[in-house]
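First comes the structure, then the notes that go with it.
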């Protein structure tokens, strides 16, 4: 059995609209017969992996998820700049000889076609574009850049001494993609696999892919199983979504002829105390990171800190609903993981909601232990409501640096 780390978090948000549905309303869910406010796991993970906290803690170990990598490859070929500089928008002196726009379009199509299905070339604006997003590791972007360098330096030859790819055939394949002509299936599959073999990796130091996984529909052997499972955050109490009717006044309207507002609007919001559950397969995380224990521990610290400090930024200018978690229970052990959401199956209605939520969580945890036996080997607690424990102690705990 793998070692698991489980995080149980309680965070309170004032009136806000952190995560909207297709109608612009705060997302909700029915639980225990009552409506709860909800923040989706997708929204949470996006907020964490794009946060300054992640960038500072895991700089150089965060991947790029995009539909535009083909366009980036085209841009690197046309400009002669390194691919990572094109991706990040950093300007630099050319690293190699640029290609003509026509050649760059053909070559970039041939390379990009190896990773996923491309949109019709009629829809391309600045190079090939994917139908779906693909998550690339930093090392994979560098490997693609190495292939671009080989193509830029040797595109007039039939083969390359540096890579086991028939470059003449690759260019021919790219031309077929640009012109949307059928191409020999066996040759196509062979070229695609050759490109993947030298530019894609199954285990690597991309922390976000190691945590949250990767799905490549056209190269399933390079999929990555997520080591971190994130539940949808849900309020511990019943919630009614409310309407905010607002107006905007024209500064130059002196009220001489028209006393009305220049704009009328309506937005919806709600407030709530959320329970969030995160389950981390520690062994799988280390495996996904190629056995790098130190990076795994840094990743665990960054994830835990982000989970208690970072929330989706929806409507922040209107609500300023930034908040830190008030309570965090961390567990480690080899037992089968379990959420403690059942503690809130009956919506809480107490006046002192936070204290009741903490008590209910710990009571449920204790009762689970009484029935099933110990559900974890060790626990660490941070309680901002009672002023007990510290975040640093919990970070040391999840990283295995505790007494």
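Each value in this text was obtained by applying a stated rule to the coordinates, not by laboratory testing. What you see is a predicted model; the values in this text were computed from it and never measured. Here Cβ is always computed from backbone atoms with ideal geometry, including for glycine, and neighbour counts include all displayed protein chains.
Structure values in brief
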{"read-out": "Cα centroid separation - the stretch 358-403 against the stretch 238-268, whole Å", "value": "47 Å"}
{"read-out": "Nitroxide proxy distance, nm - points 7 Å out along Cα→Cβ at residue 172 and residue 317", "value": "5.4 nm"}
{"read-out": "The chain, helix-only ellipticity at 222 nm - DSSP H runs n ≥ 4, -39,500 (n - 2.57), divided by all residues, nearest 500", "value": "-11500 deg cm²/dmol"}
{"read-out": "Acute angle (nearest 10 degrees) that the helix 101-112 long axis makes with the longest principal axis of the chain, alpha-carbon atoms", "value": "60 degrees"}
{"read-out": "Ascending count of other beta-carbon atoms within 10 Å, so fewest first, for 124, 48", "value": "124, 48"}
{"read-out": "Likely footprinting exposure, 45, 168, fewest C-beta neighbours within 10 Å first", "value": "168, 45"}
{"read-out": "Estimated inter-spin distance, residue 164 and residue 67, nm [label 7 Å along Cα→Cβ]", "value": "3.5 nm"}
{"read-out": "Order of 322, 301, 46 - criterion: other Cβ atoms within 10 Å of each residue's Cβ, fewest first", "value": "322, 46, 301"}
{"read-out": "Structure-derived Kirkwood radius over Cα pairs in Å - corresponding label in [x] 24.2; [y] 21.9; [z] 23.0", "value": "[x]"}
{"read-out": "FRET E, pair residue 371, residue 42, Förster distance 45 Å, beta-carbon r, rounded to 0.05", "value": "0.85"}
{"read-out": "Degrees separating the helix 293-309 axis from the principal Cα axis of the chain, which is the longest one", "value": "50 degrees"}
{"read-out": "Extension reserve of the residue 383-residue 259 stretch, reckoned as 0.36 nm per residue once the Cα distance is removed", "value": "39.5 nm"}
{"read-out": "Spin-label zone in the stretch 19-46 - amide nitrogen under 15 Å from a point set 7 Å from the Cα of residue 266 along the C-beta vector", "value": "23-26"}
{"read-out": "Rounded if a/c under 1.5, otherwise prolate or oblate - the stretch 64-199, Cα gyration tensor axes", "value": "rounded"}
{"read-out": "Cα gyration tensor shape for the stretch 242-321, rounded if a/c is under 1.5, else prolate or oblate", "value": "prolate"}
{"read-out": "Cα→Cβ-extended label distance, 7 Å offset, between residue 202 and residue 363, nm", "value": "5.0 nm"}
